[in-house]
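Quick notes on the structure that follows.
No lab work stands behind these numbers, since they all come straight from the coordinates. Since the model is a prediction, treat every value here as computed from it, not as a measurement. Note that we place each Cβ from the backbone using ideal geometry, even for glycine, and neighbour counts take in every protein chain shown.
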Amino acid sequence: MENKGLIEKTETFLKEVVMGELGKLQHAGLSYMQFVLMGQAIEVLGGFLDQKPMKAKGQGAKRFAACVKYLLGGRYRLLNENDFLYHTLRNQMTHTFIPGNQLLLLNGEENTAGYQHLERKGNQLVMISGVFYEDLCQACERLLVLLKEGRLKPKNIAFGDDE
């Protein structure tokens, strides 16, 4: 498949699965499950940044860090020092569904105290699902720009109808 087709397939995947499915979870008003999937989505987005197959083993932390550094940036990059977000958000939430005492996970309705996304409340990092989702959508858009501008080589992902 030529690059244009690979980019279109990636765009469809990002819009339908990453942004679309996570958007549905956002509207459901859940408190935890969207954080599990958004943490995993960061790793998936990072998988588009390297030259290895998407199924390459042992790449989780590297891919998560790459997405944080190049697609999310800003405060996320600073907070992932020593892989903090990878360990507390991605690993702990993926494997236990329990955020531990280092994260305070809220959806918008639960944020009655008016916390800001990525602010520190004592020893906890506050994460607000709606803001996190919007940031993840922006990361998807940044990835698409890199692909369309030819600054990243597209990958042939197993998604959708292969003709």
- Rel. contact order, % - alpha carbon contacts under 8 angstrom, at least six apart, the range 71-134: 25 percent
- Message: Using the basic label-point model (7 angstrom from Cα toward the beta carbon), what is the Asn91 to Lys55 distance in nanometres?
- Response: 2.6 nm
- Using the beta-carbon distance between Lys153 and Thr12 and R0 = 25 Å, what value does 1/(1 + (r/R0)^6) give for FRET efficiency, to the nearest 0.05? 0.90
- Distant-in-sequence amide H partners of Leu125 (H built 1.01 Å from N, under 5 Å): Leu103, Leu104
- Task: Count charges around Phe48 for me, please; just the other residues with Cβ under 9 Å from its Cβ, Lys/Arg as +1, Asp/Glu as -1.
- Result: +1
- Relative to the first principal axis of the alpha-carbon coordinates of the chain, what is the inclination of helix 129-148, with its axis defined by its Cα atoms, in degrees from 0 to 90 and to the nearest 10? 20 degrees
- Query: For helix 3-13, what angle does its Cα long axis make with the longest principal axis of the chain, in degrees from 0 to 90 and rounded to 10?
  - Reply: 30 degrees
- Task: Calculate, for Arg75 and His27, the FRET efficiency according to 1/(1 + (r/R0)^6) with r their C-beta to C-beta distance and R0 30 Å; round to the nearest 0.05.
- Result: 0.75
- Relative contact order as a percentage, the chain, C-alpha pairs under 8 Å and 6+ apart, gives 31 percent
- Message: As a test of the formula, what do you get for the chain when each DSSP H run with n ≥ 4 contributes -39,500 (n - 2.57) and the sum is divided by the residue count, at 222 nm and rounded to the nearest 500 deg cm²/dmol?
- Response: -13000 deg cm²/dmol
- Once the other residues with Cβ under 15 Å from the Cβ of Cys137 are scored (Lys, Arg +1; Asp, Glu -1), what is the net sum? -3
- How about the range 97-156: which trypsin sites (Lys or Arg not before Pro) there are in a DSSP loop, with at most 14 other Cβ atoms within 10 Å of their Cβ? Arg151
- Choose one of Gln40, Ala61, Asn123: the residue whose Cα lies farthest towards the positive end of the charge dipole of the range 1-128 (beta-carbon charges +1 Lys, Arg; -1 Asp, Glu; about the Cα centre). Ala61
- Note on the structure: For the range 1-90 the trypsin sites (Lys or Arg not before Pro) that pass both the DSSP coil test and the at-most-10 other-Cβ-within-10 Å test are Lys55, Lys57
- Calculate the length of the line joining the C-alpha centroid of the range 1-19 to that of the range 107-142, in whole Å. 27 Å
- Taking Kirkwood radius over Cα pairs in Å as the quantity of interest, determine which of (i) 16.3; (ii) 17.8; (iii) 25.3 was computed from the displayed structure. (i)
- For Lys155, counting only aspartates and glutamates whose alpha-carbon sits under 13 Å away and dropping same-chain residues fewer than eight positions off, the answer is Glu2, Glu8, Glu11, Asp50
